[in-house]
Each structure stands twice: as C-alpha cells, then as structure tokens.
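Presented below is the structure to which this report refers.
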Amino acid sequence: MAESRFSQLRAVLKPWGVRGIGALGAYDIASNQFDWPTLGQVLGMSGSLLPMWAWFFILLSVLFYGLFEYVRLKIPASGHPPSNVVNWRPWISMESYTAHELALIIAKADPASMRLSSEAIGYLRGLKRAMSEKKLKYRPDDPDYPHLPPSSKARIAKKDALAYAKSKDYDMSHVERAEGLSEFARSRS
C-alpha cells in the first residue's frame, strides 16, 4: 500500500513544472516562518536587476523555445510529408514505375523523394523478392543481363503493380482517389 502511494507521488512530481511550483510554495512557507524576504519582495528586488528590454528578451526566448518544442512534438518524424501533401497526378499518368518509386507509392510517400523510410524499405524488399520469385512481372534495368537479380531500377508495368498491391492487400486508396479526381477532371473538360 505504501509503495503504491510513493509511486503515485513520484508520478505526480515527475513534471518539472510541478517541481518548480512546489519549490516556490516551499520557499513561500519558509519565508513566512523564518522572516526571509517573501516572493513579492524577491521579485521586486530582482526586477530592477536587469533593464526592461532584457526581461522582454528573456520572455521572448522562452516563447521561442516553446514554439520549437510544439513543432517538434506535432510534426511527424517519419522523414516524409503526409500523403495528402503529395501530388499523385503525375504518377498516375505513368505507364510503369521503378521498384523504388512503387515502394514509395505503397508507403504513401513522395515517389520523387530519393530517401526511403523504413516502411518503404520493407516494401522494396518485398517487391524485389516477388520479382526474383517471378510473382511480379518486371522489365530488367539492364536488358543485356536479364539473369541478374532485380534491382530498385527495374521497371514494373502500372497494371501489374496495382494488381500486385491488391493481391497483398496494400492500401492504395490514395492512388485510387487521385485516379478518380483525374477522371472527374477529364470528364469536365
């Protein structure tokens, strides 16, 4: 029973803000007890320690730090933008993709990006395995040496790529949604 109380107290006192407020409260109680200067007097004495512009600069730096912390916590660290930022229309009009581009499309990342996320690397490995096991038709990147294992530059026809993705139950709704928008735009013009 006592251990759960201590663990609960540790959990409450874990944030730095709670510790700071607790320290201020402890000082306020001790200042009343031992005739030390109160918090108001301490702030009045330290307020004239620096000029007014310096206090505003300190406040500005605290707000600036808070802004960076907010951005760090709110922006995903996956290395690629969310899928709603990618313009899928140029990729829909293509007749074939490289294995690298297809892995990025399945991972909902920008296919123009050269960096692969860990998710896209997994998809690329699966595509290479499927090509080497002849489960996915592809055009080798070097037609003079078709016996070499497939690389990330091997071209895959669009219909074969979409059929493979559906057979693996990959979520390709972002591509289908963009294809629907393209069809709608073509029908309107």
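The values are calculated or read from the model by the stated rules, or taken from the named source; none is laboratory data. Keep in mind the model is a prediction, meaning the values are calculated, not measured. Neighbour counts are summed over all protein chains in view; Cβ atoms, including those assigned to glycine, are modelled from backbone coordinates with ideal geometry.
Going by the conditions given, is ALA26 at pLDDT 80 or above, of a type outside the set (Phe, Trp, Tyr) and closer than 30 Å to GLY122 by Cβ? The answer is no for ALA26. Tell me whether region 72-79 contains one or more residues that are closer than 22 Å to LYS168 by Cβ and either in a helix (DSSP H, G or I) or at pLDDT below 85 (or both). Yes, some residue in region 72-79 is closer than 22 Å to LYS168 by Cβ and either in a helix (DSSP H, G or I) or at pLDDT below 85 (or both). The set of residues from region 15-51 being outside any helix (DSSP H, G or I) and exposed (fewer than 10 other Cβ atoms within 10 Å of the Cβ) comprises ASP35, SER48, LEU49, PRO51.
Listed by first and then second residue, the pairs linking a residue in region 110-131 that is touching a residue at least 60 places away in the same chain (Cβ under 8 Å) to a residue that is surrounded by 14 or more Cβ atoms within 10 Å (Cβ to Cβ) and in a helix (DSSP H, G or I), with Cβ atoms under 6 Å apart and 6 or more places separating them unless they lie on different chains, form an empty list. For region 97-123, the candidate set comprises residues that are farther than 13 Å from TYR170 by Cα and touching a Ser or Thr at 6+ places or on another chain (Cβ under 8 Å); within that set, the residue that is surrounded by the fewest Cβ atoms within 10 Å (Cβ to Cβ) is SER117.
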